[in-house]
Amino acid sequence: MSWFIYEVAEYNEDGARIEPFSDLRSRVVKVSGQAMADELESVRENAAVTANSPTRSLLAVENPHVFPIPYADSMILVGFIFELERAGRQLVVSPVEMPWLKDA
């Protein structure tokens, strides 16, 4: 999967729709079953591995915050917000381009 990565001071768009990954995963297990939750976990792992680097060390990669990205008719993609070890910075990892974050 391809990812777009943006380093920001704080991602707070649609704050009400941002939630911990663990909450989303629990809901997916209840609604869609373990196989879909495992797929979601795989996507999270892929995003974390892609985003983590010596210059961008991530904190709490197991439970980042997530936000929904409406896509197509009934499909929703998930973006991730990882905290960086560097104080006061976050890394937004999205499957779609978010050009307004380039200068954030």
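The values are calculated or read from the model by the stated rules, or taken from the named source; none is laboratory data. Predicted, not measured: the structure shown is a model, and the values here were computed from it. For neighbour counting, all protein chains shown are included, and Cβ atoms are generated from backbone atoms with ideal geometry for every residue, glycine included.
So here's what we get for this one:
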| quantity | calculated |
| --- | --- |
| For Ala35: the one exception among (1) touching a residue at least 60 places away in the same chain (Cβ under 8 Å); (2) more than 15 Å from Met1 (Cβ to Cβ) | (1) |
| Number of the exception - Lys30 against (1) over 17 Å from Met75 (Cα atoms); (2) among the basic types (Lys, Arg); (3) surrounded by 15 or more Cβ atoms within 10 Å (Cβ to Cβ) | (3) |
| Count of region 67-90 residues which are under 17 Å from Glu7 (Cα atoms), among the polar types (S, T, N, Q) and more than 16 Å from the chain's Cα centre (by Cα) | 0 |
| Criterion violated by Ser53 - all others in (1) touching a helix residue (DSSP H, G or I) at 6+ places or on another chain (Cβ under 7 Å); (2) under 20 Å from Ile5 (Cβ atoms) satisfied | (1) |
| Qualifying positions in region 1-27 - part of a helix (DSSP H, G or I), surrounded by fewer than 16 Cβ atoms within 10 Å (Cβ to Cβ) and at pLDDT 90 or above | Ser22, Asp23, Ser26, Arg27 |
